[in-house]
1. Taking amide H positions as placed in the peptide plane 1.01 Å from N, state which residues far from S147 in sequence (5 or more) or on other chains have amide H under 5 Å from it.
2. For a quick protection proxy, order the peptides 33-44, 62-73 by their average other-Cβ count within 10 Å, most packed first.
3. To the nearest 500 deg cm²/dmol, what mean residue ellipticity at 222 nm is calculated for the chain from DSSP H runs of n ≥ 4 alone, each contributing -39,500 (n - 2.57), summed and divided by the residues?
4. Per residue, what volume in Å³ does the Cα convex hull of the range 169-256 take up?
5. From the Cα gyration tensor of the range 47-90, with a ≥ b ≥ c the square roots of its eigenvalues, which class applies: rounded if a/c is under 1.5, or else prolate if a/b is larger than b/c, or else oblate?
6. For a quick check: with amide H placed at 1.01 Å from N, whose amide H comes under 5 Å from S185's, ignoring anything fewer than 5 positions away on the same chain?
7. Remind me, relative contact order of the chain in percent, using alpha carbon pairs under 8 angstrom and six or more residues apart?
8. May I ask for the angle, rounded to the nearest 10°, between helix 205-214 and the longest principal axis of the chain, with both axes built from Cα atoms and the value confined to 0 to 90°?
Amino acid sequence: MNNNPFDLTGKIALITGASKGIGASIARAFALQGATVVVSSRQFENVATVADALKAEGLNAYAIACHVGELQQLNGMVGEVTQLLGGIDILVNNAATNPVFGPLESAETVLFDKIMNVNVKAPWILANLCLPSMKERGGGSIINISSVEGLQAGMGLGLYSTSKAALIMLTKNQATEWGKFGIRSNAICPGLIKTKFSAALWQNEQWTRRLVESIPSGRIGMPEDIEGIALLLASQAGSYLTGGIYVADGGYLLTH
């Protein structure tokens, strides 16, 4: 008998935005626990590099290129995964965008649409597409990567914050409606994590130094800091966790 509650052997996990950063880190954590991981991002060569590195460790990984802002590509990806691997047990909606920094009134409507399409609409559609497979397989886990910016207002990140707040509410409604199918949905809200996505922030050494001095952890986060909570939410260890909003910010919200 396997007494490891974090074991994911036999599970199929689809992870978007997995060419680097948090997505790639979660993919490796899941694969190390026995899952077959499908890593996805816009550029095939980028996710192929991640998948090849995992396979070189003897882990099970596949790469699929997909722009989550394109409905046809979302349909194609879920269809390909289902045909190739038989279904989907775990979905991690990690892909996100933030092409604008500044006051709300200065943002163009085209940028508003882009942010909402990638950060909210795509996770909604992708979860809906995975729903039949999860129901057929007796349940599943959806993990939506939100942000501490979805929990509080912040200067310059208004549209991004709005999209991440919407993702949190989407998570709660998925949990409410789909619990009867054995499907859990939870959201992770990272603080500042040292990734390419957030480089404009942490590369500002003066700003980063002030931030580090102000938070209890005394450091900014690394992608690996999100692995543990994601693994908990994906596995049997988190079987009674649904509709939850889990902050991983080194204590940032305690002091800001």
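Values in this text are rule-based calculations from the coordinates and carry no lab data. These numbers come from a predicted model, not from an experiment. Cβ coordinates were reconstructed from backbone atoms using ideal geometry, including for glycine residues, and neighbour counts include every protein chain displayed.
1. Residues meeting the criterion, in which the H sits 1.01 Å from N, do not exist here.
2. Taking the mean over residues of other Cβ atoms within 10 Å, the ranking is 33-44, 62-73.
3. After summing the helix terms and dividing by residue count, I get -13000 deg cm²/dmol.
4. Working: hull volume 9.6 nm³, N = 88.
With only Cα atoms used, the range 169-256 gives 109 Å³ per residue.
5. Oblate, since a/c reaches 1.5 and b/c is not below a/b.
6. I142, A175, G243
7. Working: 501 pairs, mean separation 48.3, N = 256.
This gives 19 percent for the chain.
8. Approximately 80 degrees, to the nearest ten.
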